[in-house]
Ligand SMILES: CC(C)(COP(=O)(O)OP(=O)(O)OC[C@H]1O[C@@H](n2cnc3c(N)ncnc32)[C@H](O)[C@@H]1OP(=O)(O)O)[C@@H](O)C(=O)NCCC(=O)NCCS
Ligand SMILES: [Zn+2]
């Protein structure tokens, strides 16, 4: 078991293809409905890997069984259960509770976990087919769009995706709203592979180290090896 300490944000990575349908027994009814509502099997797998990793991370931290961890996914904008996942309020200890953030794109699912305040992570597959300058101008602003001008195709796609994940990670860390005052956003670029970019953001935190680990170490090994012992 990995102890999640202050001063570190841990990124748990797994390919969506690691998903095992037997893990469905770990989900709560809300998650089961979310899983079933995805039309594409890859999207179901992405959701399942993220949800089970989140359960495992809180389960280890709280010394409880993964399927018993009470999670809240309420979206603050519309009330539907597709918002940022968090531990239910009745178990949250101010200043102590782990904050998590989930992202999935292309091959990868990543769950960030830290103890130093709100965290947001974003991973994105680099898509060479997009209108990067046009998208940047609309979604990121003129400065970012102009910085992409003059780059070759591959470099432009790479740089745009980096800008995009930094912005998305910041949105996810500060959701539903930027905190009062002048919050300091600590932005870390994260190396993934040649087809993906990722970033993690923490809000109003002392400097953190970002550590990447293989989530398959915490996903249910018992099921993968055929001897289910999930409901300990
Ligand atoms: C929410 C948002 C950040 C998700 O980003 P994305 O690139 O589409 O998808 P990602 O795979 O990176 O992230 C998805 C995860 O973000 C989390 N998430 C959802 N809403 C979130 C929010 N407002 N803030 C932080 N995290 C959020 C969820 O955990 C979700 O994963 P899960 O449902 O499998 O657990 C993006 O859609 C966005 O910026 N939306 C604008 C906010 C918005 O419109 N919200 C209201 C909808 S009514
Ligand atoms: Zn919503």
Original post:
Has the range 51-64 got at least one residue that is within 9 Å of ligand 1 (Cβ to nearest atom) and not in a loop (DSSP other than H, G, I, E, B)?
Top reply: yes
Original post:
Mind checking whether some residue in the range 102-113 is crowded, with 21+ Cβ neighbours inside 10 Å, within 25 Å of residue 32 (Cα to Cα) and within 16 Å of ligand 2 (Cβ to nearest atom)?
Top reply: yes
Original post:
Among (1) over 18 Å from residue 8 (Cβ atoms); (2) touching a strand residue (DSSP E or B) at 6+ places or on another chain (Cβ under 7 Å); (3) touching a residue at least 40 places away in the same chain (Cβ under 8 Å), which single condition is residue 203 missing?
Top reply: (1)
Original post:
Can you spot a residue in the range 2-14 that is modelled with pLDDT under 95, in contact with a strand residue (DSSP E or B) (Cβ under 6 Å, 6 or more places away or on another chain), at negative phi and surrounded by 15 or more Cβ atoms within 10 Å (Cβ to Cβ)?
Top reply: yes
Subject >> Residue count for the range 75-95, restricted to those that are assigned to a loop (DSSP other than H, G, I, E, B), surrounded by fewer than 16 Cβ atoms within 10 Å (Cβ to Cβ) and either away from ligand 1 (no atom under 13 Å from the Cβ) or without any contact (Cβ under 8 Å) to a residue 40 or more places away in the chain (or both) >> reply: 9
Subject >> Tally of residues being touching a strand residue (DSSP E or B) at 6+ places or on another chain (Cβ under 7 Å) and within 13 Å of ligand 2 (Cβ to nearest atom) across the range 60-83 >> reply: 0
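The values are calculated or read from the model by the stated rules, or taken from the named source; none is laboratory data. On a predicted model such as this, the values are computed, not experimentally measured, just so you know. All Cβ positions, glycine included, derive from the backbone under ideal geometry; neighbour counts span all protein chains shown.
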